[in-house]
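A.B. asks: Provided herewith is a single structure, encoded as structure tokens, for subsequent inquiry.
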Amino acid sequence: MIRPLLAQIKEYKKPSLLASLFMFFEVIFEIALPFLMSYIIDYGVNKQDMGNITKYGLLMVVLALLSLACGMQSARYGALGSAGFAKNLRRALYNKVQTFSFENIDHFSAGGLVTRMMTDVTNVQNAYQMIIRVCVRAPLNLIFAISVSFFINAKMAMIFVYVALFLALILAVVLKFAFPLFRKVFNAYDELNSSVQENITNMRVVKSYVKEEEETKKFQGASRKIYGMFVKAIRIVIINNPAMMLSMYSSFIMISWIGAHLIVAKEFTTGELTSMFSYTITILISLMMFTMIFVMLTISMASVERISEVLTTQATIVSPLNGLTEVKDGSITFEHVDFGYETSEEKLVLNDVNLSIKSGEVIGILGGTGSGKSSLVQLLARMYDVDAGSVKVGGRDVRDYDLDALRRKVAMVLQTNVLFSGTIKENMRWGNKQATDEEIVAACKIAQADEFISQFKDGYDTMIERGGANVSGGQRQRLCIARALLTNPKILILDDSTSAVDTKTDQLIRQGLAASLQGTTKIIISQRISSVEDADRIIVLDDGKINGLGSHEELLQTNKIYQEVYETQTKGSDQDD
Ligand SMILES: Nc1ncnc2c1ncn2[C@@H]1O[C@H](COP(=O)(O)OP(=O)(O)OP(=O)(O)O)[C@@H](O)[C@H]1O
Ligand SMILES: [Mg+2]
């Protein structure tokens, strides 16, 4: 599980190793200090020898400075290594997500992917820094401090061994109970995260339904839950503190007691006694670090799992080897196509669909909500793969094409389309980098966008905010149509793309489309008969099946659903338009 993450350390292996190495030296120099202190006391103070005091004193200063320098280098390389690792990890996640199919994205949800790229990577970054620094420090401190103590006086050092064992036992018990609680806390964080994300992104909806109070209550409930669990977990962890204090002071007492006896027996010096006290503190601090490490690592394990899940997911739709790069024409064939979404297994969304569309035809698709219109057209650009049968574009199965080549030639204005932050011109060039200013204006004219763009102060250089929040729904739809037109596609799909546009403009757009992009197959999905009536043929979709297929006149004669829709829409048209 951890391997896909480790593979991303890459060029930051060196700084990571240096961080550990410098930490190693920092600890060695640090550990030597109390040892020298004992020399100052024994050979300097007690013997009243100023020379020794200066000698050892200076040596201490030098070692302290060395330790400081190493500590700084270790911190620097630690930050470098962990931040670099996080950068690589984010990039790997980002690149992976770019390969994902709609199905993969449905599975993780967009919000879930963002949390993984942000919060989870940060958790892993912190844990990594901890591993390359503190994880080196704590055991080294412990081992060195105990070894030096043994060197000074083996009998006394045994005290540390017992104390360490006692504390390790307490730690184990604490962690055993606190671990599961911490895990729960982090799952609850996930819940809170998604609640916050949903609410903030949909703030406008929340406000318009006056749901702030209710949502705030929900949020407070979730955050109180986390608070409660955290307090419970911390309550267990803080048992550590009295245990630590108990160990420290009992060590002091035992050392003083045994030390006094040994000093009297001339087996021990006062200097050695003071250094023992220092080592007691060092040892206890390193044990405390162990607790911290364990808590941090548990926290990050959940994040590791979540990142690894994304990194190891295989994109469900990939280009075939040596895929076709040319789409011959805009002809379309559906042969016995069955299709369903992974998440709604029980039911097929499209059921045995057969269809043949000639290149250059204008096709309307009409059908109730949920009848499968969007699903049908998404198969053309291979956003999803069929479960059975085949979809052919330009005479070849869509699975034979290189994905990019296919999608470049099948332009789709999605039902929920967005613009990106940048100027209108930049947004237009999304579809076609080489588009000239004249081409952009021409496309916007067809899409009936030129008129309102010209009224903006900055015209085509007007900044679009993220998602297109500063243009109206209808304006956004028109800009999206223009953007699709610029790709000069073989097949152009407009999925309910004029739903927010008034009927007059809708008609103008259709007239513009008819006059341009000759030879391009155009598929227009709509709930409005007026939007599809001049199409060469209209598909009536009902519950994932083709219910009728023919021109407006033919369908009016033969198709019951079409007749009903026509009647309700023409009757209501007085108020509608
Ligand atoms: N990403 C998805 N994951 C799971 N189920 C989906 C997904 N998208 C659509 N569906 C389901 O598939 C069915 C057909 O949906 P589709 O979007 O094709 O309908 P539609 O005809 O375009 O409807 P509308 O007119 O409302 O746009 C619906 O029952 C819907 O719940
Ligand atoms: Mg739809």
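The values are calculated or read from the model by the stated rules, or taken from the named source; none is laboratory data. The structure displayed is predicted, hence computed values, not measured ones. FYI the Cβ positions are ideal-geometry reconstructions off the backbone, even for glycines, and counts take in every protein chain you see. Accessible surface is based on the protein model in full, side chains and every heavy atom, while ligands, DNA and RNA are left aside. Shrake-Rupley method; radii C 1.70, N 1.55, O 1.52, S 1.80 Å.
A.B. asks: Please give the strands (runs of 3 or more DSSP E) falling wholly within the stretch 449-566 in which 1 or more residues are open to solvent by 40 Å² or more (accessible area, probe 1.4 Å). Before you say what the answer is, go through the steps one by one.
C.D. replies: Values: elements: 491-495, 521-526, 537-542, 545-550.
So the answer is 537-542, 545-550.
A.B. asks: So, in the stretch 83-113, exactly how many residues are under 20 Å from V304 (Cβ atoms), touching a residue at least 60 places away in the same chain (Cβ under 8 Å) and over 16 Å from the mean Cα position of the chain (by Cα)?
C.D. replies: Here the count works out to 1.
A.B. asks: Condition test on S300, is it among the small types (G, A, S) and in the same structural domain as N240 (by TED's automatic domain parsing)?
C.D. replies: Numbers: among the small types (G, A, S): yes; in the same structural domain as N240 (by TED's automatic domain parsing): yes.
It is true that S300 is among the small types (G, A, S) and in the same structural domain as N240 (by TED's automatic domain parsing).
A.B. asks: Right, next: Of these, P34, P15, which one is assigned by TED's automatic domain parsing to the domain that holds F268 and in contact with a Leu (Cβ under 6 Å, 6 or more places away or on another chain)?
C.D. replies: Values: P34 fails: in contact with a Leu (Cβ under 6 Å, 6 or more places away or on another chain).
Result of the check over P34, P15: P15.
A.B. asks: Does S516 meet the test of being over 26 Å from V353 (Cβ atoms), more than 15 Å from ligand 1 (Cβ to nearest atom) and of a type in the set (S, T, Y)?
C.D. replies: Working: over 26 Å from V353 (Cβ atoms): yes; more than 15 Å from ligand 1 (Cβ to nearest atom): yes; of a type in the set (S, T, Y): yes.
Yes: the conditions hold for S516.
A.B. asks: D385: in a strand (DSSP E or B) and of a type in the set (D, E), yes or no?
C.D. replies: Considered against the rule, which asks whether it is in a strand (DSSP E or B) and of a type in the set (D, E), D385 comes out as no.
A.B. asks: Inside the stretch 347-388, can you point out the residues that are within 14 Å of ligand 1 (Cβ to nearest atom) and over 31 Å from the mean Cα position of the chain (by Cα)?
C.D. replies: Hits for the stretch 347-388 are L350, N351, V353, G364, I365, L366, G367, G368, T369, S371.
A.B. asks: Here is a further query. Can you tell me which residue among L379, L366 is more than 27 Å from H107 (Cα to Cα) and within 16 Å of ligand 2 (Cβ to nearest atom)?
C.D. replies: Values: L379 fails: more than 27 Å from H107 (Cα to Cα).
Criteria check complete, one pass: L366.
A.B. asks: Can you name every residue in the stretch 162-195 that is hydroxyl-bearing (S, T, Y) and open to solvent by 40 Å² or more (accessible area, probe 1.4 Å)? Steps first, answer last, please.
C.D. replies: Looking only at the stretch 162-195, we keep the residues that are hydroxyl-bearing (S, T, Y), and these are 162, 189, 194-195.
Across the stretch 162-195, the qualifying residues are Y162, Y189, S194.
A.B. asks: Take the residues in the stretch 316-338 that are within 16 Å of ligand 1 (Cβ to nearest atom) and touching a residue at least 60 places away in the same chain (Cβ under 8 Å); name whichever of them is farthest from F108 (Cα to Cα). Break it down into steps so the answer makes sense when it comes.
C.D. replies: Looking only at the stretch 316-338, we keep the residues that are within 16 Å of ligand 1 (Cβ to nearest atom), and these are 316-317, 334, 337-338.
Now drop any that are not touching a residue at least 60 places away in the same chain (Cβ under 8 Å), which leaves 316-317.
Values: T316: 13, I317: 16 Å.
Filtering the stretch 316-338 for residues that are within 16 Å of ligand 1 (Cβ to nearest atom) and touching a residue at least 60 places away in the same chain (Cβ under 8 Å), the one farthest from F108 (Cα to Cα) comes out as I317.
A.B. asks: What is the number of the single condition among (1) within 16 Å of ligand 2 (Cβ to nearest atom); (2) open to solvent by 30 Å² or more (accessible area, probe 1.4 Å); (3) in a helix (DSSP H, G or I) that L297 does not meet?
C.D. replies: For L297, the exception is condition (1).
A.B. asks: Next question. Just one of (1) open to solvent by less than 40 Å² (accessible area, probe 1.4 Å); (2) over 30 Å from I529 (Cβ atoms) trips up D402, so point out which.
C.D. replies: Only one criterion in (1) open to solvent by less than 40 Å² (accessible area, probe 1.4 Å); (2) over 30 Å from I529 (Cβ atoms) is unmet by D402, namely (1).
A.B. asks: Separate question: If I ask for residues that are assigned to a loop (DSSP other than H, G, I, E, B) and not charged (D, E, K, R), which ones from the stretch 204-213 would you list? Talk me through it step by step, then tell me what you get.
C.D. replies: Start the filter on the stretch 204-213 by keeping residues that are assigned to a loop (DSSP other than H, G, I, E, B), which leaves 209-211.
Those that are assigned to a loop (DSSP other than H, G, I, E, B) and not charged (D, E, K, R): Y209, V210.
A.B. asks: Now, a different point. Check the stretch 142-161 and report whether any residue there is touching a residue at least 40 places away in the same chain (Cβ under 8 Å), open to solvent by less than 50 Å² (accessible area, probe 1.4 Å), farther than 30 Å from I263 by Cα and hydrophobic (A, V, I, L, M, F, W, C).
C.D. replies: Filtering the stretch 142-161 down to residues touching a residue at least 40 places away in the same chain (Cβ under 8 Å) leaves 142, 144-146, 148-149, 152-153, 155-156, 159-160.
Next cut, open to solvent by less than 50 Å² (accessible area, probe 1.4 Å) only: 142, 145-146, 148-149, 152-153, 156, 159-160.
Within this subset, residues satisfying the condition of being farther than 30 Å from I263 by Cα are none.
Within the stretch 142-161 (the criterion being touching a residue at least 40 places away in the same chain (Cβ under 8 Å), open to solvent by less than 50 Å² (accessible area, probe 1.4 Å), farther than 30 Å from I263 by Cα and hydrophobic (A, V, I, L, M, F, W, C)), the answer is no, since none of the residues qualifies.
A.B. asks: Quick one: in the stretch 409-448, which of the residues that are assigned to a loop (DSSP other than H, G, I, E, B) and small (G, A, S) is farthest from K373 (Cα to Cα)? Write out each step before concluding.
C.D. replies: Start the filter on the stretch 409-448 by keeping residues that are assigned to a loop (DSSP other than H, G, I, E, B), which leaves 414-418, 420-421, 429-436, 447-448.
Among the residues that remain, those that are also small (G, A, S) are: 421, 431, 435, 447.
Values: S421: 29, G431: 24, A435: 31, A447: 22 Å.
Of everything passing the filter in the stretch 409-448, A435 is farthest from K373 (Cα to Cα).
A.B. asks: Can you confirm whether the stretch 449-464 contains a residue that is closer than 22 Å to R407 by Cα and more than 16 Å from ligand 2 (Cβ to nearest atom)? If you could, list the steps in order and put the result at the bottom.
C.D. replies: Initial filter on the stretch 449-464 (closer than 22 Å to R407 by Cα): none.
No: zero hits.
A.B. asks: Out of N52, N123, I need the residue that is without any contact (Cβ under 8 Å) to a residue 24 or more places away in the chain, farther than 30 Å from V386 by Cβ, open to solvent by less than 70 Å² (accessible area, probe 1.4 Å) and away from ligand 2 (no atom under 16 Å from the Cβ). Which one? So that I can check it myself, show each step before the final result.
C.D. replies: Details: N123 fails: without any contact (Cβ under 8 Å) to a residue 24 or more places away in the chain.
After ruling out the rest, the residue left standing is N52.
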